[in-house]
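Trainee: First, the structure itself, so that you have it in front of you.
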Amino acid sequence: MTSGLTQEELGFLQSMFDLARAGDTERLVEAVDAGVPVNLTNGSGDTLLILAAYHNHPDAVAALLERGADTGRVNDRGQTALGAAVFRRSERSVTLLLEAGADPALGPKSALDVARFFDLPEMLALLTARQG
């Protein structure tokens with residue numbers, strides 16, 4: 001899939017993951033708005049959304065969701081953006097992801113599993129409040 005890209009292009013795409021990790025929402029949004037796929041995925045199956053959620057950057061999470069980021073992506077370790085946000089105890093990111101349709105039961109290491117395993121009752125309450 002990347003065979004037609006130059007080292008420079010590959011480096012640029014790799015830098016998008018660094019922006020998501022750092023929470024550099026402005027530069028990340030500029031790149032996505034200019035054509036970088038919002039669901040860009042690295043070799044571990046991490047999307048920009050998963051990385052922004054894992055590194056606790058709710059503004060980046062919100063911006064990626066506004067641009068259509070897929071809440072249903074599961075990385076190679078069975079984790080989702082919602083599970084990452086639960087792990088980081090980011091109420092804002094969890095709420096944003098749930099409002100965007102993220103499934104708390106998705107994946108082998110679902111957000112519900114994370115909340116239960118790490119004994120995070122406040123996160124479990126957020127996740128289950130919307131079920132019904």
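Derivation of every value follows stated rules applied to the coordinates shown; laboratory data play no part. Small disclaimer: the values here were computed from a predicted structure and weren't measured. Please note: Cβ atoms are built from the backbone with ideal geometry, for glycine as well, and neighbour counts cover all protein chains shown.
Trainee: Please give the length that would be gained between residue 30 and residue 117 if that part of the chain were fully extended, namely 0.36 nm times their separation in residues minus their C-alpha to C-alpha distance (nm, one decimal).
Mentor: Residue separation times 0.36 nm, minus the Cα-Cα distance, leaves 27.6 nm.
Trainee: Going by average Cβ neighbours within 10 Å, how do the peptides 37-48, 118-129 rank, with the highest at the top?
Mentor: 37-48, 118-129
Trainee: Tell me which label goes with the value of P(r) over Cα pairs in 10 Å bins from 0, in percent computed from the coordinates here: (1) 13, 41, 34, 12, 1; (2) 14, 46, 29, 10, 2; (3) 11, 37, 27, 14, 9, 3, 0.
Mentor: (2)
Trainee: Still on this structure: Restricting to Cα pairs below 8 Å that are 6+ residues apart, what does the relative contact order work out to for region 34-111? Please round to a whole percent.
Mentor: Relative contact order here is 30 percent.
Trainee: Something else: When you count, for each residue, the other Cβ atoms within 10 Å and take the mean per peptide, how do 61-69, 79-87 rank with the highest first?
Mentor: Listed from highest to lowest mean packing, they are 79-87, 61-69.
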